[in-house]
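Take a look at the structure below.
The values are calculated or read from the model by the stated rules, or taken from the named source; none is laboratory data. Please read these numbers as outputs of a predicted model, since none were measured by experiment. Here the Cβ positions follow ideal geometry from the backbone for every residue, glycine too, while neighbour counts run over all protein chains shown.
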């Protein structure tokens, strides 16, 4: 008796993409493995409109279907039905994402098993061995950890990283599960055009600063630390600074701009791009940087996937679970202090914010200088 043959590669595959910028970047290794396994398959990516431009020109996808905010389930389902897809890979764990593919009547629907949506999937994949859940700690847990004697915490294994969640799913479609570097695409023409638009002169060495974090203040290294670090690096290297951020970061970016002008009066003022760039322009502007000093945010993942090293103060989140690049990679610098309550995965710190306030510029400045020196030598 012979074993059953694996299903043939679909002619048209829909990938229901994730909803957040950083998560989207972490799906790129899985999508690249899909492309490697299915060179002849038409791969369409369903993406929220706010991050759809991230995928322009990406090697892994043939088509991007952007969903504007507020679009109803029936409208999405009808639009997908017209695409006549043979299979769907549902990357988010939500019920809605599975329901969209069910309403589209796609014959094969693959995603992780969850009790409230298993009936919507033809292939409900059990939880991956080695998965580590990101547990949001309660106030009581945090107080207990702070009151207990210090204990050396064991970091999660590299196999716990989020990119393996997506790689495990694509293995069901015949793709290899071993990791690749997350990768984004931006053309030289886009970089040149964006640099000219915003005055990012190619003869300068640019230090990128990304001081915001959409998730909440618990991810944000103090603004005065960004200013002190950038001023010190400018004094040592003669670099220039460019500040990144979204619409919600304009006030913070203005404070850092003023602070840096006061702290480094002999240097040109920083270029403040907060709230001014499209997603494509953000990609291109990041590409001009020698290094990016950043909180744990979507632009952090973007920069790393564009080949720009990042220096990241980690506090409420875990670099082992959701850090940029490949787990164990040496091109980036992830810094943290030994706070017993970290990572808590909270939006706001319920105690004294020791995880990031305790990470002084004196520890971060050498990390930025080290990467700059290495890139100069390279």
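What to note about this one:
- When 46, 80 are checked against the criterion of being in contact with a strand residue (DSSP E or B) (Cβ under 6 Å, 6 or more places away or on another chain), surrounded by 19 or more Cβ atoms within 10 Å (Cβ to Cβ), modelled with pLDDT of 95 or more and closer than 22 Å to residue 9 by Cα, 46 stands alone in meeting it.
- All told, residue 342 falls short of being over 23 Å from residue 232 (Cβ atoms), within 16 Å of the chain's Cα centre (by Cα) and touching a residue at least 24 places away in the same chain (Cβ under 8 Å).
- Taking (1) within 19 Å of residue 297 (Cα to Cα); (2) out of contact with any strand residue (DSSP E or B) (no Cβ under 9 Å at 6 or more places or on another chain); (3) modelled with pLDDT of 95 or more in turn, residue 188 satisfies each apart from (1).
- Qualifying residue in region 2-17 (condition: part of a helix (DSSP H, G or I) and either outside the structural domain of residue 103 (by TED's automatic domain parsing) or under 19 Å from residue 180 (Cα atoms) (or both)): no
- Selection status of residue 69, surrounded by fewer than 17 Cβ atoms within 10 Å (Cβ to Cβ) and closer than 24 Å to residue 36 by Cβ: no
- With respect to being surrounded by fewer than 21 Cβ atoms within 10 Å (Cβ to Cβ) and free of Cβ contacts under 8 Å to residues at least 40 places away in the same chain, residue 347 falls outside the description.
- Top-ranked residue of region 149-183 - restricted to ones that are under 18 Å from residue 331 (Cβ atoms) and assigned by TED's automatic domain parsing to the domain that holds residue 129, ranked as farthest from the chain's Cα centre (by Cα): 158
- Selection count where residues are closer than 12 Å to residue 315 by Cβ and not in a loop (DSSP other than H, G, I, E, B), scope region 345-378: 4
- Of everything in region 88-106 that is in contact with a strand residue (DSSP E or B) (Cβ under 7 Å, 6 or more places away or on another chain) and more than 24 Å from residue 162 (Cα to Cα), the residue that is surrounded by the most Cβ atoms within 10 Å (Cβ to Cβ) is 106.
- When each of 51, 106, 43, 110 is tested for being in contact (Cβ under 8 Å) with a residue 24 or more places away in the chain, in contact with a helix residue (DSSP H, G or I) (Cβ under 9 Å, 6 or more places away or on another chain) and either assigned to a loop (DSSP other than H, G, I, E, B) or assigned by TED's automatic domain parsing to the domain that holds residue 303 (or both), the lone residue that passes is 106.
- Scan of region 54-69 for residues that are in a loop (DSSP other than H, G, I, E, B) and in contact (Cβ under 8 Å) with a residue 60 or more places away in the chain, ordered by number: 56, 57, 58, 59
- Filtering 72, 17, 77 for residues that are farther than 25 Å from residue 219 by Cβ and either in contact with a helix residue (DSSP H, G or I) (Cβ under 8 Å, 6 or more places away or on another chain) or in contact (Cβ under 8 Å) with a residue 40 or more places away in the chain (or both) leaves a single hit, 77.
- Checked against (1) farther than 30 Å from residue 326 by Cα; (2) assigned to a loop (DSSP other than H, G, I, E, B); (3) touching a helix residue (DSSP H, G or I) at 6+ places or on another chain (Cβ under 9 Å), residue 245 passes all but condition (1).
- Scanning region 113-133 for residues being in contact (Cβ under 8 Å) with a residue 60 or more places away in the chain and touching a strand residue (DSSP E or B) at 6+ places or on another chain (Cβ under 6 Å) gives a total of 0.
- Flag if residue 373 is assigned by TED's automatic domain parsing to the domain that holds residue 223, closer than 16 Å to residue 208 by Cβ and touching a helix residue (DSSP H, G or I) at 6+ places or on another chain (Cβ under 9 Å): no
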